[in-house]
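Values in this text are rule-based calculations from the coordinates and carry no lab data. This structure is a prediction, so every number in the text was calculated from the model and none was measured. Note that we place each Cβ from the backbone using ideal geometry, even for glycine, and neighbour counts take in every protein chain shown.
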Amino acid sequence: MKIDLHVHSKSSDGKLSVQEIFREAKSRSISFLAITDHDSIESQTLALEESKKIGIRYLTGVELNITFYDPKFLSGKPISLDFLGYNYDLNNEMLISKLQTMANYRTKRAEKILDNLNTEFLKEDITTLTKDDLRQIEESIDGTLGRPHIADYLVKKGIVKSRQEAFDKYLVKCDVPKFPLHLDEASTLIQGAGGKLVLAHPNDPHGTSLVTLTKVLAEQTEIIKEKMLPFIDGVECWHSRNTPETTEHYVSFAKENILIMTGGSDCHQKPILMGTVEIPDWVANQFAQRESR
């Protein structure tokens, strides 16, 4: 049984549509899937329809970015962490309302990032971006607007050669803080909608993770124990950038603390990683069937 509970579609920063993801999942013999777009559940209704059409068991998903801090690390400076919400009620009004507020904030954030970019462009005698440029960026995506979409637009305009160059040269220094969602609020949103909240890729060396605070696995799980356990249901133990040591450590920690264990490729489809992470079959048994509701 192939499982992938961490996949992104064009509704956030993935490259494939929902339909394309399901076709690809079918070709890779994936039998349990979740699309976890960033701060968006816009793709979920279509995903449920496709799952029934194609015959793949589906779990509603979302990836929420959380503002987190621990006074023991970085002098208490806030960092970003990602949490996965699973198996929630798509029609929950509180969840829908909060995600809409976050989407509105993303647009305002993008406007401020473009203003910061223009400040840099003026220094380098590069043509500045306009409201029409922002409109074109928004029209190029199906869901939530983020820095990767701005990066891709800078590539399209010929200002940089790659998404990575856009971040390295401009988007890191021109960043604007994300919507300040905190762990207790995220827990209330997902669990209040009947779902489960899971810490995503806790030791990802190249992503949003506890590595920002410490690279020591034992210290990471101590942070989770002290600051997160009252609010979370599980931990992502299998991930495409995990080492065997990371997976082993987090499986042990999850068992010790009676937490749900999930896993996924974190596939953004460039390259296509869906189904490449080996995840035990029993992971699927941790979730009640909500697909038929």
Fill in the blank from the handout: Projected onto their principal axes, the Cα atoms of the chain stretch, largest extent first, over whole-Å spans of 57, 49, 37
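Please work out the FRET efficiency for the pair Thr243 and Lys123, using the Cβ-Cβ distance as r and a Förster radius of 41 Å; give the result to the nearest 0.05.
Working: r = 41 Å, r/R0 = 1.01.
For R0 = 41 Å, the calculated efficiency reads 0.50.
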Completion exercise
Long-range alpha-carbon pairs in segment 108-171, meaning those over 15 Å apart, account in percent for 46
Problem - Area projected by the alpha carbon convex hull of segment 1-134, averaged over all directions, nm² - result: 12.0
Fill in the blank from the handout: Quick shape check on segment 160-293: root eigenvalues a ≥ b ≥ c of the Cα gyration tensor, a/c under 1.5 is rounded, otherwise prolate if a/b tops b/c, else oblate, and it reads rounded
Problem - trypsin sites (Lys or Arg not before Pro) within segment 20-61: DSSP coil, no more than 16 neighbouring Cβ in 10 Å - result: Arg28
Problem - Global geometry of segment 218-293, whether rounded, prolate or oblate, following the gyration tensor of its Cα atoms and the 1.5 cut on a/c - result: oblate
Fill in the blank from the handout: For Val283, Val251, ascending order of other Cβ atoms within 10 Å (fewest first) is Val251, Val283
Exercise for the section: Could you list Ile224, Ile150 in order of exposure, starting from the residue whose Cβ has the fewest other Cβ atoms within 10 Å? Expected result: Ile224, Ile150
